[in-house]
Amino acid sequence: MLPLLPVPVWMRGRGGRPEAYCHQAMLDAIRYLVDNGIKWRAMPADFPPWDRIYAWFRRWRDNALVKELHDRLRGRVREELGRDAQPTAAVIDSQSVKADAVVGADSRGFDGGKLINGRKRHVVVDTPGLLLGVMVTAADIGDRTAARVLLRKIADAHHRLELVWADGGYTGSLVEYCLATFALVLAIVKRSDDMRGFVVLPKRWIVERLFHLMRSRRLVRDFERRTASAEAMVYWSMTLLMSRRLTAKRRHRPE
């Protein structure tokens, strides 16, 4: 994990004083918080002071360093799977979650379809199910409205991306918009009218699996005051899963 961490500016000769705490200790503390769902002030004494950890989290959130670390890990996992680091196909979907009382009215809403008062996580994953991007909005924001913004970010970051699968909630003008604006083919995978109960649909199950993998207690509901923090928590959760996956592969690799 340490070789993947961004190098502090003071180690690159750009001034500033050395960090007071080890980055690995800070990283482990945030992973502990995300995995166990504790409060910041309930950080165990084995870690640095909670306010220093939160300041470190905030700096990584505001400078998109957690996304950078996540993207480096994702590229490493894709290469371990024998794939190119940059994807050519993806899947988009959303997940509505209840919001805690600390979430203000300006960033929460009511999802009439899911009957949930809270926020909505819009995610894009590659074909192995690894996260490409996430955007957190109020739960009453439509999937197509959020997809226009999210897919623009994904297309700018992944120039080889050509195809995105989606469910019936993304039909309409969004299909033509993606093709004309991003040169992306948005393929709609629809559920047949005669289907009853749970049915695994082609490609759509990939993103559904991601929602099941996000079992970190901090993600059970949205506890963050800012949507940027909520997005960062998703990236931290997926970073934890990928680092565990890489560690397990190294342990079982023959000498």
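The values are calculated or read from the model by the stated rules, or taken from the named source; none is laboratory data. On a predicted model such as this, the values are computed, not experimentally measured, just so you know. Cβ sites come from the backbone with ideal geometry, for glycine too, and all protein chains shown count toward neighbours. To get the accessible areas, we keep the full protein, side chains included, count just its heavy atoms, and leave off ligands, DNA and RNA. Shrake-Rupley method; radii C 1.70, N 1.55, O 1.52, S 1.80 Å.
Kindly indicate whether Arg121 is open to solvent by less than 70 Å² (accessible area, probe 1.4 Å), part of a strand (DSSP E or B), within 22 Å of Ser237 (Cα to Cα) and in contact (Cβ under 8 Å) with a residue 12 or more places away in the chain. In short, yes.
Given the conditions (1) in contact (Cβ under 8 Å) with a residue 12 or more places away in the chain; (2) of a type in the set (A, V, I, L, M, F, W, C); (3) open to solvent by 50 Å² or more (accessible area, probe 1.4 Å), and given that Leu115 satisfies all but one, which numbered condition is not satisfied? Unmet for Leu115, out of (1) in contact (Cβ under 8 Å) with a residue 12 or more places away in the chain; (2) of a type in the set (A, V, I, L, M, F, W, C); (3) open to solvent by 50 Å² or more (accessible area, probe 1.4 Å): (1).
Which ones in the range 112-165 are among the hydroxyl-bearing types (Ser, Thr, Tyr) and out of contact with any helix residue (DSSP H, G or I) (no Cβ under 6 Å at 6 or more places or on another chain)?
Restricting attention to the range 112-165, the residues satisfying the condition of being among the hydroxyl-bearing types (Ser, Thr, Tyr) are 127, 137, 145.
The answer is Thr127, Thr145.
The residues of the range 83-110 that are closer than 30 Å to Pro128 by Cα, open to solvent by 60 Å² or more (accessible area, probe 1.4 Å) and in a strand (DSSP E or B) amount to a single one, Lys98.
Whether any residue in the range 97-118 is out of contact with any Cys (no Cβ under 7 Å at 6 or more places or on another chain) and within 26 Å of Leu161 (Cβ to Cβ) is what I want to check. Checked the range 97-118: no residue is out of contact with any Cys (no Cβ under 7 Å at 6 or more places or on another chain) and within 26 Å of Leu161 (Cβ to Cβ). Considering the conditions (1) more than 28 Å from Val207 (Cα to Cα); (2) modelled with pLDDT under 95; (3) touching a helix residue (DSSP H, G or I) at 6+ places or on another chain (Cβ under 7 Å), Phe47 is excluded by exactly one of them, (2).
Yes/no per residue for (1) closer than 23 Å to Ala99 by Cβ; (2) surrounded by 14 or more Cβ atoms within 10 Å (Cβ to Cβ); (3) more than 17 Å from the chain's Cα centre (by Cα):
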| site | (1), (2), (3) |
| --- | --- |
| Val134 | yes, yes, no |
| Thr145 | yes, no, yes |
| Trp165 | no, yes, yes |
| Glu176 | no, no, yes |
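Only a single item in (1) more than 29 Å from Ile53 (Cα to Cα); (2) in a loop (DSSP other than H, G, I, E, B); (3) at pLDDT below 90 is not met by Arg215, and it is number (1).
Identify the residue in the range 9-31 that is loosely packed, with under 13 Cβ neighbours inside 10 Å and within 14 Å of Trp60 (Cα to Cα) and, among all such residues, is modelled with the highest pLDDT. First the steps, then the outcome.
Start the filter on the range 9-31 by keeping residues that are loosely packed, with under 13 Cβ neighbours inside 10 Å, which leaves 9-18, 20, 22, 24.
Now narrow it down to the ones that are within 14 Å of Trp60 (Cα to Cα): 9, 24.
Working: Val9: 63, Gln24: 87.
Looking at the filtered set, the residue picked out is Gln24.
Applying the condition of being closer than 17 Å to Arg217 by Cβ and not hydrophobic (A, V, I, L, M, F, W, C) to the range 39-55 and asking which residue is most open to solvent (accessible area, probe 1.4 Å) yields Arg41.
Restricted to the range 56-82, and to residues there that are over 25 Å from Trp40 (Cβ atoms) and of a type in the set (Asp, Glu), the residue that is surrounded by the fewest Cβ atoms within 10 Å (Cβ to Cβ) is Glu79.
Of the residues making up the range 148-163, those that are over 16 Å from the mean Cα position of the chain (by Cα) and over 20 Å from Thr137 (Cα atoms) are Asp156, His159, Arg160, Leu161, Glu162, Leu163.
Val149 passes every criterion in (1) assigned to a strand (DSSP E or B); (2) at pLDDT 95 or above apart from (1).
In the range 132-146, what residues are within 18 Å of Lys67 (Cβ to Cβ) and part of a helix (DSSP H, G or I)? Working first, answer last.
First, pick out the residues of the range 132-146 that are within 18 Å of Lys67 (Cβ to Cβ): 132-137, 146.
Listed by number, the list holds a single entry, Ala146.
Every residue in the range 87-111 that is polar (S, T, N, Q), out of contact with any helix residue (DSSP H, G or I) (no Cβ under 8 Å at 6 or more places or on another chain) and in contact (Cβ under 8 Å) with a residue 60 or more places away in the chain, please. Walk me through how you get there before you give the answer.
Restricting attention to the range 87-111, the residues satisfying the condition of being polar (S, T, N, Q) are 88, 94-96, 107.
Okay, now just the ones that are also out of contact with any helix residue (DSSP H, G or I) (no Cβ under 8 Å at 6 or more places or on another chain), so 88, 96.
Matches in the range 87-111: Thr88 only.
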